[in-house]
Amino acid sequence: MSAEPATKKAKTDNGNSDEPKADYDAETQKALEEIDACQNEIDSLNEKASEEILKVEQKYNKLRKPYFEQRNELIKKIPNFWVTAFVNHPQISAILDEEEEECLHYLTKVEVEEFDDIKSGYRIKLFFDDNPFFENDVLVKEFFLGSAEPASTSTEIKWKDGMDLAKKNQDQDAKAGKKRSAPGGPPRTFFSWFGDNSDASADDIAEVIKDDMWPNPLQYFLVPDVDVGENGLEGDEDGDSDDEVEDPEGEDFDDGDGEDDGENDENA
């Protein structure tokens, strides 16, 4: 009969002298100490790598900045560039109402600025021409992520009389019984997102703008129109089934049963 395997005990060292420690033989104890020393070296290198990576990111943020500024100047030459890009983005368009889309026709420039140390946060700046919706010429949403409790702030939108789109959409959705967000949460629209600072650490729209839209908005401005069917897939214009495949000489054959159609005709 084989011997029962020895019970392994995890080594604990949490500063509590009352906590029992596992007993190891001298060879195992020596190996554990050497592993711990190796781990300390790895951790030290990881910290140095993080510091160097941060310096590289800061360096390239500075190098990219003039190109972002040049890109924004060129974008100004294209009417409705930003509203088109926003409408074409699947996640942003999902929270855009018709009036909000109309308002974004006055959006002339978007900027995303990371804080100097990068890790502590960033700001999103939306620049607007004079418009019938609000008095502001720039709206800023800032994220402070360096503390134990991430936070965000938003510019107070000075809505013109009767044009508060965030409140209007909430009232309309409440009357219609619509829910745009998680159960119990407020209706989700673009401007209600802008003013919502309840959970800065999980702001998916801000992350989309920062990490997807801002790095390359051109891809969303140029995105082709897609014919979306009932199942959310691109529709087949002529309605033909994929089961029939045309061979190189233009003759149709059925690839589903493995039998040649011409041979079946002769046997008919």
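With N88, N80, N72 as the choices, which residue is surrounded by 11 or more Cβ atoms within 10 Å (Cβ to Cβ), in contact with a strand residue (DSSP E or B) (Cβ under 7 Å, 6 or more places away or on another chain) and not charged (D, E, K, R)?
Result of the check over N88, N80, N72: N72.
So is E156 modelled with pLDDT of 95 or more and part of a loop (DSSP other than H, G, I, E, B) or not?
Details: modelled with pLDDT of 95 or more: yes; part of a loop (DSSP other than H, G, I, E, B): yes.
Here the answer is yes, as E156 does meet what is asked.
Of the residues I157, I95, only one is touching a Lys or Arg at 6+ places or on another chain (Cβ under 8 Å) and either of a type outside the set (D, E) or surrounded by 15 or more Cβ atoms within 10 Å (Cβ to Cβ) (or both); which?
Working: I157 fails: touching a Lys or Arg at 6+ places or on another chain (Cβ under 8 Å).
Only one candidate passes the filter, namely I95.
If you check every pair at least six apart or on different chains, which have Cβ atoms under 8 Å apart with a residue in the range 186-207 that is within 23 Å of A148 (Cα to Cα) first and a residue that is of a type in the set (K, R) and crowded, with 20+ Cβ neighbours inside 10 Å second?
The qualifying pairs are F194/K141; A206/K141.
The values are calculated or read from the model by the stated rules, or taken from the named source; none is laboratory data. Given the structure is predicted, the values throughout are model-derived calculations rather than measurements. Counting neighbours? That spans all protein chains shown, and the Cβs are built from the backbone with ideal geometry, glycine included.
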